[in-house]
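> Pasting a structure here, questions to come.
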Amino acid sequence: MADTEFTYLTTPLPGAVAAWRGTVNAREWRETAQGVLDQGGRLVAIWGSDWRSRNRVFAVHAAFTIRAGLLWISLPVQSAFPDLSDLFPAANRMQRAVSDMLGIAAEGARDQRSWLRHGSWPRHAHPLRHDFDPALATPGGQDNYAFVPVSGEGVHEIPVGPVHAGTIEPGHFRFSILGERVLRLEERLGYTHKGIERRFEQMTLEEGVRLAGRVSGDSTVAYAWAYSMAVEGVAQLTIPARAAWLRALCLERERVANHLGDLGFIGNDAGLAFGLAQFSRLKEDWLRTNAMAFGHRYLMDAIVPGGMACDLDREAWSRIALEADAVEKDVRALKSVYDDHAGLQDRFINCGKVAPELAAKMGLTGLAGRASAQSWDLRAQFGWAPYDQLEVRMATHRNGDVAARVTVRFEEVLESLRLIRTLLDRLPVGPHREPISAVTEGSFGLGWVEGWRGEVLVALETGPDGRVARCHPHDPSWQNWPLLEHAVIGNIVPDFPLINKSFNLSYSGHDL
């Protein structure tokens, strides 16, 4: 097979993952998307750039998975670009976000409503345009968003949020119900929009990693690694082997920490407070080891362009090794409790179901996708160093319900513990960081990492003096939020917290 099925328009991007990039015209934009779909590929992200200072146009970009890796295409546009939402439904919200942020719209798309704007800036102003005036921002604005009405005898609505109980971030859920059954759920997100993408453009390439690591706090390792991977691509730098293996150690520790926390909360939402207590204990000990080994409970700022900010000493190595054995023993015991608990299984099985066919059509990804028979895990399929040497065992399930998502989480914890032991046993000796050399203005870099929630992508354009010209971080929650609307249909409203927790999607990573 050729390097890519689309070699007629692309060139390879330097970096740790197999990726190609090319510029297309409007006809090729649609033809490429159709070709990707026909060959079983998926849409990963759509975003835009203000290229007017360079060639008097804007640009819209799309990233697709193809058999050989990742394909990034760019389309220069004046004001509109061809719609892709009929081919890839996940494109809908991404295209609406591009319209809000840059004022270039998907021509022919059925849904042209604002997605991120919320009335926080004038309708004809766009924050990612270089001439946007921040003084135009109007915090707390209203936009009279047009939710889709559902009518019929006995049908009524329950609005929930955007402010919720607990410490979760804001999002609005509009339930249309008949009796207790959910007929329709419509989400409204964007309440935590922070201007992250614009902030990147005020930073150097080395400064940007701190911001990338804070796009979504529970995925700081995945984002910092993806960002650093993009920087190292434009610098054409291969990091030391020890740094790559330590990054994987951090990524697996991040995966385990989040699965431990979510397994506890899922059990609690189904009435088993014992599960929350036990998993919270395990997660707290795990986070303390993170702090001892890498200086931060959530591993923030551990990864930097060129390698790792710190090395792993012998004491930390021993503590992590012993902890992996102890946690595996406890997790196996708790899995038996969850599997044998009739009350839990009654709540889990057939609750919040996403059939494999719908998951494939809508582009469900990450652990939620794998629980609906979508066999995508970058670590196993496009293994970059050191995953290309670890033979990652992908966890999958076909039922697509809460029970399946719980099973995948348990299996991924156990696999991550195996990987952690392997990473420790075979950890290379040598330096843990190399300096980043000067990069060329106008270069493109790409980072693509399988985080605990799913695949995280960072697309980077470089500017003058080693600065960021454009950085787009993409969270898998973009693909998965729409599936939550489908998963809850036919269930009762009180099951929504349980279904929602079994996905545990990111608001911050989506809203940017």
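The values are calculated or read from the model by the stated rules, or taken from the named source; none is laboratory data. A quick note: this is a predicted structure, and the numbers were derived from the prediction, not measured. Ideal geometry is used to build each Cβ from the backbone, glycine not excepted, and the neighbour counts take in all protein chains shown. Side chains are part of the model used for accessible areas, which takes the heavy atoms of the whole protein and leaves out ligands, DNA and RNA. Shrake-Rupley method; radii C 1.70, N 1.55, O 1.52, S 1.80 Å.
> Which of the listed residues, Ala438, Ala371, Ala277, is farthest toward the dipole's positive end in the chain, when Lys, Arg count +1 and Asp, Glu count -1 at the beta-carbon?
Farthest along the dipole direction, towards plus: Ala438.
> Could you size up the charge dipole of the chain around its Cα centre, putting +1 on the beta carbon of Lys and Arg and -1 on that of Asp and Glu, and report it in debye to the nearest 20?
Numbers: 54 positive and 62 negative charges, 44 e Å.
Value, rounded to 20: 220 debye.
> Per-residue HN-Hα couplings for region 293-302, Karplus 6.51 cos²θ - 1.76 cosθ + 1.60 at θ = phi - 60°, whole Hz, x for Gly and Pro?
Calculated HN-Hα couplings, in order: 8, 10, x, 7, 4, 9, 6, 5, 6, 6 Hz.
> While we're here: What is the extension gain from Met394 to Ala137, computed as 0.36 nm multiplied by their sequence separation minus the C-alpha to C-alpha distance, in nm to one decimal?
Stretched fully, the Met394-Ala137 segment lengthens by 88.0 nm.
> Right, another one. If Lys and Arg each add +1 and Asp and Glu each add -1, what is the summed charge of the other residues whose beta carbon sits under 13 Å from the beta carbon of Asn144?
Result for the neighbourhood of Asn144: +3.
> Please list 3J(HN,Hα) in residue order for region 237-243, calculated via the Karplus relation 6.51 cos²θ - 1.76 cosθ + 1.60 where θ = phi - 60°; whole Hz, with x for glycine and proline.
10, 9, 6, x, 4, 4, 5
> In addition: Order 397-410, 429-442 from most to least packed using the mean count of other Cβ atoms within 10 Å.
In decreasing order of mean packing, 397-410, 429-442 become 397-410, 429-442.
> Whole Å is fine, so just give me how far the alpha carbon centre of region 123-146 lies from that of region 67-103.
21 Å
> Given the pairs Lys329/Lys501; Lys361/Lys501; Lys335/Lys361, which are separated by over 28 angstrom at their Cα positions?
Where the Cα-Cα span goes over 28 Å, the pairs concerned are Lys335/Lys361.
> Give me the percent of accessible area attributable to carbon and sulfur for region 344-426, probe 1.4 angstrom.
44 percent
> What size of dipole, in debye to the nearest 20, comes out for region 55-128 about its Cα centre when the only charges are +1 on Lys and Arg C-beta atoms and -1 on Asp and Glu C-beta atoms? If you can, show how the numbers build up before the last one.
On the way: 8 positive and 5 negative charges, 31 e Å.
About 160 debye.
> Arg470's amide H: which non-local residues (gap 5+, or another chain) put their own amide H closer than 5 Å, with H modeled 1.01 Å from N in plane and none for Pro or chain starts?
Glu461
> Got a number for carbon plus sulfur as a percent of region 247-305's accessible area, 1.4 Å probe?
55 percent
> What does the accessible area per residue of the chain come to in Å², with a 1.4 Å probe and no ligands, DNA or RNA counted?
Here the per-residue accessible area is 38 Å².
> Can you show me the helix-derived [θ] at 222 nm for the chain, built from DSSP H runs with n ≥ 4 at -39,500 (n - 2.57) apiece and divided by the number of residues, rounded to the nearest 500.
-12000 deg cm²/dmol
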